[in-house]
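> One structure, pasted below without further comment.
The values are calculated or read from the model by the stated rules, or taken from the named source; none is laboratory data. What you are looking at is a predicted structure, and each value in this text was computed from that prediction instead of being measured. Positions of Cβ are backbone-derived with ideal geometry, glycine not excepted, and every protein chain shown enters the neighbour counts.
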Amino acid sequence: MLALTSATGKLGSAVLNAILINKLIEPPELVVCTSSDPLDKRFDALRERKITVRYNNFDEPESLKRAFAGCSKLFLVSSPRISMDYNDAPLWEGREAHHRAAIDAAIEAGVKHVYYTSLAFANPSKAGVMRAHTRTEKYLSDLAHQGKINYTIIREGLYNESWPLYFGYYFRLQDETRQEVVVANGDGPISWTAIADMAFGTAKIITAPSDAWKGKTLYLAQSKTWSLEDIARLVSKFQCQDIHLKIVSRKEYEDHYVASGTERASVEWWSTTYDALNDGECDIKDDTLEKMLQEAGRKPKSLDETIAEMLKHEGGGQIAA
């Protein structure tokens, strides 16, 4: 059986849908893990398909062990509680603490293979958002060398749908007139990738025989890149208004968004992302996803298509890293 965490989140729900739509696993072989009440009516449709729904909470180790019981595989989506990473959190005090709790519980429950969702940055990376991911990846590698678990690291491309987060928190900080200058701390080529495309590739990987991807770290991203400057041009086009990208120092960036009402610890954590962009860390050269999509008769969804859709709906939302 395959357990899936965060199956109601953006990526997790898309992976679950991809599994079901493409009939990659029989529904009774799936265990959906949620921090919500598993008896909630929103899970009725899953139960009707004989999918097991169980409660799990990263802060309750026993709940994790019960949730993973009887499963041979675990799809572990990274914890959404990004505030744990703020202020240069020491080892095991950032989000990796949640991930370790889930991995340890999985081992106790008899899980043989953990598939972990990381992000498509370099290793090592200058981005603070990667700290918890890198620590988790190392923990899994160490356990594998001890013969305790098999693992696969899936470094998911930066979501098409998350462009506003990188582009000056574009929706969250906008007023009705829209700002004409977007402040950033750097720029570079980014292999933006749609959630649905990554979910398809992820679903194929986690439902394949364990040996197919055992011990591998791979990227799921399209090869075409767009910079933040490209996004400025696209937003200008779709908004019929000139939007300009302004690159400033890290301190100017941090002070600017703190003054706009964003928590300083959050801005300081996020600002290092632009160091990674400057170094080209998000220009991904792994064609794994594109090959999977091609075999399925699909092409990656373009970033400009996503931006047009989100601007049309005015506030398509932001996605935590």
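> Scanning for something among the charged types (D, E, K, R), farther than 30 Å from Y116 by Cβ and in contact with a strand residue (DSSP E or B) (Cβ under 7 Å, 6 or more places away or on another chain), does the range 251-261 turn up at least one residue?
Checked the range 251-261: no residue is among the charged types (D, E, K, R), farther than 30 Å from Y116 by Cβ and in contact with a strand residue (DSSP E or B) (Cβ under 7 Å, 6 or more places away or on another chain).
> I would also like to ask the following. Just checking, how many residues over the range 185-239 are within 29 Å of L24 (Cβ to Cβ) and among the charged types (D, E, K, R)?
6
> Give K204, K214 a once-over and let me know the one that is basic (K, R), closer than 30 Å to S72 by Cβ and surrounded by 21 or more Cβ atoms within 10 Å (Cβ to Cβ).
The conditions single out K204.
> What residue, of S83, S79, is of a type in the set (S, T, N, Q) and either modelled with pLDDT under 95 or touching a Lys or Arg at 6+ places or on another chain (Cβ under 7 Å) (or both)?
Result of the check over S83, S79: S79.
> Filter the range 101-112 down to the residues that are out of contact with any Phe, Trp or Tyr (no Cβ under 7 Å at 6 or more places or on another chain) and outside any loop (DSSP other than H, G, I, E, B) and list them by number.
Across the range 101-112, the qualifying residues are D104, I107, E108.
> Consider I25 against the criteria (1) within 24 Å of A132 (Cβ to Cβ); (2) part of a loop (DSSP other than H, G, I, E, B); (3) not small (G, A, S): it satisfies all of them except one. Which criterion is unmet?
Every listed condition holds for I25 apart from (1).
> Of all residues in the range 84-100, count the ones that are farther than 15 Å from H133 by Cβ and either among the hydroxyl-bearing types (S, T, Y) or surrounded by 19 or more Cβ atoms within 10 Å (Cβ to Cβ) (or both).
Count: 1.
> State whether one or more residues within the range 159-175 are free of Cβ contacts under 8 Å to residues at least 60 places away in the same chain, within 30 Å of Q241 (Cα to Cα) and surrounded by fewer than 20 Cβ atoms within 10 Å (Cβ to Cβ).
yes
> Then there is this: Which pairs turn up if I take residues in the range 145-158 that are assigned to a loop (DSSP other than H, G, I, E, B) and look for partners that are among the aromatic types (F, W, Y) with beta carbon separation below 8 Å, at least 6 apart in sequence or on another chain?
G157/W192; G157/Y219; L158/Y166; L158/W192
> Given L46, L2, L39, L76, which one is crowded, with 17+ Cβ neighbours inside 10 Å and free of Cβ contacts under 8 Å to residues at least 40 places away in the same chain?
L46
> Among R81, R54, which is the only one that is within 16 Å of the chain's Cα centre (by Cα), farther than 23 Å from A208 by Cβ, surrounded by fewer than 19 Cβ atoms within 10 Å (Cβ to Cβ) and of a type in the set (K, R)?
On inspection, the qualifying residue turns out to be R81.
> From (1) closer than 30 Å to G280 by Cα; (2) outside any helix (DSSP H, G or I); (3) touching a residue at least 12 places away in the same chain (Cβ under 8 Å), pick out the condition that doesn't hold for C71.
For C71, the failing item is (1).
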